[in-house]
Amino acid sequence: MTAPAPAPEATRAVREAHAPTTPPPLPARPRTPRRQLVLRGLAGGAVVATLVAASSIGLDLPTLVAGGEDVANLVERMLPPRVDDPARIATLALDTVLMAFLGTVLATVLSVPLAFLAARTTTPHPAVAAVARAVITFCRAVPDLVFAVLFVRALGLGVLPGVLALALHSVGMLGKLFADAIEDADPGPREAVRSVGVGRLRELLNGVVPQVVPAWVSAFVYRVDINLRTSVVLGFVGAGGIGFALQDALRGLVYPKALGIVAVILVLIAVMELLAVAVRRTLLAPRRPRFRRDRAVRWVSGGAAAALVVVSFVRLDIDPLAVVTSVPSLLEVAGRTFPPDLTSLGPALWEAMLQTLAIGLVATGIGVVLSLPLGLLAARTVAPHPVVYAAARTTILVVRAIPELILAVVFVAAVGLGPVAGAMALGIGSIGFLGKLVADAVEEIPPGPAEAVRSVGGGWWKVLFSAVLPQGMPSIVGSGLYLLDVNIRTSTILGIVGAGGVGFLLFEAVRTLHFEVAGGIVLLVFLVVLVIERLSGWIRAQLT
């Protein structure tokens, strides 16, 4: 009798038991997400580039420490602050506010048609859109103080060159924001208006404008706030405002008087910022929407704005026709900058341009290091205590209220002429700019992950590093790139007060009537800023 055949399961078990053993395959290493690779590469490259730039301008830790001591000694010499002529300072402060407002109004008038031409959904032809976008980019790339220097040479000393400089530079921001709002508008209302057979103008007025007005108002109010900070320093080049009195005090080494004027500027800008917040809330986000009330508020606000325009022209003694009649003089000066001359200065121009880039890069590094912890503490959702939150927000507000050019003047007086003063001034100024962006970005992240970490007993540090920073890092990196863009633009003008960079060469070229050289410098600044802007945009796109 033959033995019964073993079951298939038993045969398989015996075969597997005697088979040579092989180790199980190792789990595949998870691929690092592209965003993390980009972040790591950016962080490493930024650190190396910043260190190289700092070495090139002679900035190191001992220099920073010595600079801090020098600034402290200078501030001690400024105390106590005083205001010798309150009536004159108050008048100049009022002129500064009106210059900022009027410049923004003129910029709005110029930006609206440019925005319709630049927006893809409303432009008559892609070529027209490209030209309009180029004009907007040019206005944004050339610093307002550069425009002011050229306009003062064309029109003479006074507030009109300052107003026109603010207006032209503001077109770079308002034109872009207005065009973006038009492109984001819902096409439905426009198609409905078109269906009744109205012309193109009525189509835009009835189908697009009502949708974009809230975004335009918000951009206008924000730009007034920015222009107020800018108009403070226009007096340094003879374009009117309270900056003229500040320059006199610093030039005469009357430091207590200079600090008194700076204190007035701080109060002025802080009040304007609070007023801007109130205007935004009133016009754009009423707590209890009521049609009649909102309509009345908008009509009253529009009437008040129109009245303020009239008051601005009268108080600043500007003939409205002069805005138009000054165009030939401006074009004449602009024409003298062509063809641009990039050879007369020789290697000095390229060295100054590289110095400008180094100042902007080092300042951004300083700003990131100092503003990141301050911005986190200024976020209501992260601050460990309300007192810490209030102190951080107050610090950011105070730093933001001081224009970078004033900081540059202070650092030049403390540590001497050169790019070190410029880098330190821009670095301190970056605290207010980036600190606010970091705080706002952190407050907007979803609270769920942080609450989950707290629910398992995680403390403040654990919540910060496990839930807050991972969510907020892309936005923080994007803000840092934008800060680099802004700092490089700003660093082009610090040379006017001796803080290094290409600004000194530009100021000297205009002062000595070498307009072709000035045109070459402006062209070079425009191209560099354009490249940085495109590069920053590409990097931000990789992070989304």
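Only the coordinates and a few stated rules stand behind these numbers; no lab work does. All values reported here derive from a predicted model rather than from experimental measurement. Please note: Cβ atoms are built from the backbone with ideal geometry, for glycine as well, and neighbour counts cover all protein chains shown.
Quick notes on this structure:
- Listed peptides 501-509, 355-363 by packing density, highest first (mean Cβ within 10 Å): 355-363, 501-509
- Intensity falloff of the range 321-440 expressed as log10 I(q)/I(0), Debye formula with alpha-carbon point scatterers, at q = 0.09, 0.12, 0.14, 0.15 Å⁻¹: -0.43, -0.65, -0.76, -0.81
- Dipole moment magnitude, nearest 20 debye, the chain about Cα centre, only Lys, Arg, Asp, Glu C-beta charged: 1660
- Size descriptor, Kirkwood hydrodynamic radius, that averages inverse alpha-carbon separations across the range 189-278, Å: 16.3
- Förster radius 51 Å - calculated FRET efficiency between Leu205 and Leu37, Cβ distance, rounded to 0.05: 0.60
- Positive-end residue of Val209, Val522, Leu316, charge dipole of the chain with Cβ unit charges: Val209
- Each 10 Å bin from 0 upward holds the following percent of the Cα-Cα pairs of the chain: 3, 15, 25, 26, 16, 7, 2, 2, 2, 2, 1, 0, 0.
- Here the convex hull built on the C-alpha positions of the range 106-222 has a volume of 104 cubic angstrom per residue.
- Here the sum of -39500 (n - 2.57) over DSSP H runs of 4 or more residues, divided by the residues of the chain, equals -26000 deg cm²/dmol at 222 nm, to the nearest 500.
- Taking the range 462-482 and a reference point 7 angstrom along Cα→Cβ of Ala452, the backbone N atoms nearer than 13 Å belong to 466-468, 470-471.
- Positive-pole candidate from Thr63, Ile496, Gly375, dipole of the chain, charges at beta carbon: Gly375
- In a simple Cβ point-charge model (Lys, Arg +1; Asp, Glu -1; nothing else charged), the range 83-335 has a dipole of about 880 debye relative to its Cα centre.
- Expressed in Å, the radius of gyration and Dmax of the Cα atoms of the range 83-335 are 20.0, 69.
- Compared with the direct C-alpha span, the chain from Ala390 to Trp461 gains 23.6 nm at full extension, assuming 0.36 nm per residue.
- The calculated FRET efficiency for the pair Ala263 and Asp317, based on their C-beta separation and a Förster distance of 30 Å, comes to about 0.65.
- Extension gain, Phe338 to Arg194, is 47.3 nm, computed as 0.36 nm per intervening residue step minus the present C-alpha separation.
- Whole-percent P(r), the range 186-236, all Cα pairs, 5 Å bins from 0: 5, 19, 17, 12, 10, 9, 8, 8, 6, 4, 1, 0.
- In the distance distribution for the range 404-544, Cα-Cα pairs more than 26 Å apart total 43 percent.
- Each residue, Val213 and Ala72, gets one label point 7 Å from its Cα in the Cβ direction; the gap between the two is 5.6 nm.
- Separation in nanometres of the label points that stand 7 Å from Cα toward Cβ, at Val128 and Leu94: 4.4
- Under the criterion of Cα pairs below 8 Å and six or more residues apart, the relative contact order for the chain equals 18 percent.
- Residues of the range 216-241 with amide N under 20 Å of a point placed 7 Å along Cα→Cβ from Thr121: 216-220
- Helices meeting the span-like rule in the chain (full DSSP H runs, Cα extent of at least 30 Å along the helix axis, mean Kyte-Doolittle score of 0.0 or higher): 34-56, 86-118, 159-184, 209-233, 255-284, 291-315, 347-377, 419-443, 469-491, 515-543.
- The coefficient of translational diffusion for the range 294-354, derived via Stokes-Einstein from the alpha carbon Kirkwood radius under 10 °C and 1.306 mPa s, stands at 99 µm²/s.
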